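What follows is calculated from the coordinates using simple rules that are stated; it is not laboratory data. Just so it is clear, the model here is predicted, and its values are computed rather than measured. For neighbour counting, all protein chains shown are included, and Cβ atoms are generated from backbone atoms with ideal geometry for every residue, glycine included.
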Amino acid sequence: MCGRMAITLPHDAMSQMFAAAPANDLPDVPNYNVCPTDQVASITSTDGARHYRPMRWGFIPHWYKKANGGPLLINARAETIAEKPAFKAACRTRRCIIPASGFYEWTRLDDGTKLPWYIQRSDTASIAFGAIWQDWTDDEGVVGATVAIVTTGANDAMGKIHHRIPVILESDDWALWLGEDGKGAATLMQATGEETLKFHRVDRMVNSNRASGPDLIDPLDV
């Protein structure tokens with residue numbers, strides 16, 4: 001799964017990289033501890049025009065009456081995404097990309113201790129997570145875009161830490177994922193190459209969703 005991430009990338013650089021028109025209400029960056037229900041910046045494409053816009057991390061199905069009206073859906077499993085009632089329409093017509101600097105994952109010891117790792121691209125480029133989104137309206141008419149990151153079974157490298165991995169898109173795949181190059185995005189819902197990512201242990205202070213600051217991603221001497 002992917003349950004925490006770091007986003008330190010300037011919005012102007014990301015909007016240029018993805019050739020996407022930026023919204024005016026993007027979340028503050030840098031944020032070294034992005035948590036579920038936080039706002040994240042995402043790239044969508046409509047009629048060939050890309051938009052760089054904020055979304056709530058935590059997909060809300062249309063039948064929820066309140067934002068907390070059911071399980072918090074921060075991830076969508078690639079293996080079942082096309083059949084799940086919450087996700088099946090979005091995976092066909094509402095795919096997006098979440099750019100991030102890196103993400104956190106935890107290994108768990110036999111005594112229950114959680115040891116955090118920071119994972120980033122080996123080439124230090126930004127990560128492009130494959131995601132799905134939809135607008136949601138509550139009983140008071142408040143509308144917001146909500147998003148979930150698509151995950152799949154881990155490759156061997158990531159499997160040393162966790163059995164799941166986010167879908168990570170290469171730049172040549174962005175147009176297909178966003179629906180600009182026709183059908184076939186399902187072929188992208190697989191683990192990235194063994195050499196794509198690198199990872200290092202970080203301090204357990206990131207276990208708290210209230211922790212902040214660049215120290216969270218510093219390598220831990222172990």
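Here are some notes:
- Region 79-131 - convex hull of the alpha-carbon atoms, volume per residue in Å³: 129
- Selected from A148, L73, T37, residue furthest toward positive end of dipole (the chain; charges at beta carbon): L73
- Residue-averaged 222 nm ellipticity for the chain, from DSSP H runs of 4+ at -39500 (n - 2.57), nearest 500: -2000 deg cm²/dmol
- Inter-probe distance in nm under a simple model that places probes 7 Å from Cα toward Cβ, at A21 and R210: 4.2
- Considering only alpha-carbon pairs that sit under 8 angstrom and 6 or more positions apart, the relative contact order computed for the chain is 21 percent.
- Order by protection proxy (mean Cβ within 10 Å, highest first), peptides 36-45, 185-194, 22-31: 36-45, 185-194, 22-31
- Sequence-distant contacts, meaning Cα pairs under 8 Å at least 6 residues apart, place the relative contact order of region 87-158 at 29 percent.
- On the beta carbon distance between V143 and K88, with R0 = 25 Å, the FRET formula returns roughly 0.70.
- Sequence-ordered 3J(HN,Hα) estimates for region 203-217 from the Karplus curve with 6.51, -1.76 and 1.60 and θ = phi - 60° stand at 5, 6, 4, 6, 4, 8, 6, 9, 5, 8, x, x, 4, 4, 9 Hz, glycine and proline given as x.
- The charge dipole of region 1-126, taken about the Cα centre with unit charges on the Cβ atoms of Lys, Arg (+1) and Asp, Glu (-1), comes to about 520 debye, rounded to the nearest 20.
- Cα-based reach from K65 at 21 Å (exclusive), listing lysines while leaving out same-chain residues under 8 positions away: K84, K88
- A simple rule links phi to the HN-Hα coupling: the Karplus curve 6.51 cos²θ - 1.76 cosθ + 1.60 with θ = phi - 60°, which for region 39-49 gives 7, 10, 8, 9, 9, 10, 9, 10, 6, x, 9 Hz, with x for Gly and Pro.
- Eligible lysines near K160 by straight Cα distance, threshold 23 Å, same-chain separation 8 or greater: K114, K198
- In this Cβ point-charge picture (+1 for Lys and Arg, -1 for Asp and Glu), region 20-86 has a dipole of about 200 debye about its Cα centre.
- For the chain, a crude dipole built from +1 on the beta carbon of Lys and Arg and -1 on the beta carbon of Asp and Glu, taken about the Cα centre, is about 600 debye to the nearest 20.
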